[in-house]
Amino acid sequence: ESQTLATITFQNYFRMYDKLSGMTGTAKTEEEEFQRIYNLDVVQIPTYKPVIRDDMDDMVYRTQDAKFKAVLSDIKERHQAGQPVLVGTVAIETSEYVSHLLKRNGIDHEV
C-alpha cells in the first residue's frame, strides 16, 4: 500500500528551479500568468507558413440535445466528404456519448 507523504503544486515545484524554459503553441494566451507566477516572459515565434486556420464564432444551443445533433450533422457531412475529424471533449463520459451517437448513425470512428 502506498501513502502520500507530501504534495506540491506545479507552480511551487517549478519555482524551485533557477532556470525555466519551454515551448508550446498555447503560452501566449496565458502570458499574464507566466509573468505573475513565474516572472517569465513569453516570446511568440512567427509561424514558418501563414496560418490558414479559419477561427469561427462560438455557436450556442438551447439544449444539449440540439448541440449534439449539430455536432453529429457536422461530423456526418465531413465524414461523407472523406475529411478526417478530430472531436475534443472535456470528459470521458462525453466522448462515450459522442461515440454512441456515431455508432448509432453508422459512422466508423475510434475513441
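Every number here is computed from the coordinates shown, using simple stated rules; none is lab data. Model, not experiment: these values are computed from the prediction. Cβ: placed from backbone, ideal geometry, glycine included. Neighbour counts: every protein chain shown.
Between D41 and K19, the modelled labels are 1.7 nm apart [label points 7 Å from Cα along Cα→Cβ]. Counting only alpha carbon atoms, the long axis of helix 64-80 and the longest principal axis of the chain meet at about 80°.
Residue by residue, the range 84-91 carries 3J(HN,Hα) couplings of x, 10, 10, 10, x, 10, 8, 9 Hz when phi is fed to the Karplus relation 6.51 cos²θ - 1.76 cosθ + 1.60 (θ = phi - 60°); x denotes Gly or Pro. Considering only Cα-Cα distances, which of the following residue pairs are longer than 20 Å: K67/K103; K76/K103; K49/K76? Check vs 20 Å cut-off fails for K49/K76.
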